[in-house]
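Asker: To start, I am sharing the structure in question, which I have written as structure tokens.
The values are calculated or read from the model by the stated rules, or taken from the named source; none is laboratory data. For clarity, every value in this text was computed on a predicted model and none was experimentally measured. All Cβ positions, glycine included, derive from the backbone under ideal geometry; neighbour counts span all protein chains shown. For accessibility, only protein heavy atoms count, side chains too; no ligands or nucleic acids. Shrake-Rupley method; radii C 1.70, N 1.55, O 1.52, S 1.80 Å.
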Amino acid sequence: MPLPAPTIRRATASDLPALHALLQLYYSEGDVHHTEDQQSLNATLDQHPYGFFLAELSTTPNAPAEIAGCVLYRALDTVPHAAECKRLFVLPQFRGHNIAAHLMDTLENTARASCLRWIYLDSKDNFQAAIAMYRRRGYTDCPRYNQNPEATIFLRKDLAPHSHLGM
């Protein structure tokens with residue numbers, strides 16, 4: 001049975017325990033060793049328009065909303081007119097319901113509203129479902145843009161392919 005569309009919202013300080021728990025699952029499932037601690041997670045909350053977006057939904061009527069997934073939208077100062085997508089994760093029980101797409105729509109629309117041209121991301125080979133989704137969304141291979149020792153794949157998306165802006 002299809003789930004209702006999630007509500008996407010920016011994470012707040014009250015979300016830190018749930019966000020930390022969600023990210024621990026992400027790190028474990030993806031065998032990720034380069035992680036954020038509580039202090040760096042807290043710092044993301046004050047970097048508007050950047051920060052974590054959370055997907056929430058109720059699986060049954062009158063049930064409280066549950067956090068189903070997250071994505072981090074952060075500044076990318078090394079590339080002009082660009083931001084970075086990190087930590088896209090949807091809990092296993094909510095996968096297959098376009099929640100990741102809703103999170104990415106919000107991230108990309110936020111970047112466009114900030115007049116950014118590019119979204120960059122890195123990944124590792126073991127995130128094949130995510131990589132396939134990124135490619136369907138128009139992300140293409142690009143040169144390494146960071147020093148993440150765990151990353152094996154580097155992608156970017158042109159948010160304004162018909163624009164006159166340069167890279």
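Asker: Out of all the residues in region 11-24, is one or more open to solvent by 10 Å² or more (accessible area, probe 1.4 Å) and not in a helix (DSSP H, G or I)?
Answerer: Yes, the conditions are met somewhere in region 11-24.
Asker: It is to be established whether one or more residues within region 68-78 are among the basic types (Lys, Arg), touching a residue at least 60 places away in the same chain (Cβ under 8 Å) and in contact with an Asp or Glu (Cβ under 9 Å, 6 or more places away or on another chain).
Answerer: No, region 68-78 contains no residue that is among the basic types (Lys, Arg), touching a residue at least 60 places away in the same chain (Cβ under 8 Å) and in contact with an Asp or Glu (Cβ under 9 Å, 6 or more places away or on another chain).
Asker: Would you list the strands (runs of 3 or more DSSP E) that sit entirely within region 47-146 and hold 3 or more residues that are of a type outside the set (A, V, I, L, M, F, W, C)? Explain how you work it out, then say what you get.
Answerer: Numbers: elements: 51-57, 66-75, 82-90, 118-123.
So the answer is 66-75, 82-90, 118-123.
Asker: So, one more: If a residue must be closer than 11 Å to residue 157 by Cβ, open to solvent by 30 Å² or more (accessible area, probe 1.4 Å) and of a type in the set (Gly, Ala, Ser), how many such residues does region 85-143 contain?
Answerer: 1
Asker: May I ask you to list the residues in region 33-47 that are open to solvent by 40 Å² or more (accessible area, probe 1.4 Å) and in contact (Cβ under 8 Å) with a residue 24 or more places away in the chain? First the steps, then the outcome.
Answerer: As a first pass, look at region 33-47 and keep what is open to solvent by 40 Å² or more (accessible area, probe 1.4 Å): 33-35, 37-40, 42-43, 46-47.
Within region 33-47, 33, 34, 42, 47 qualify.
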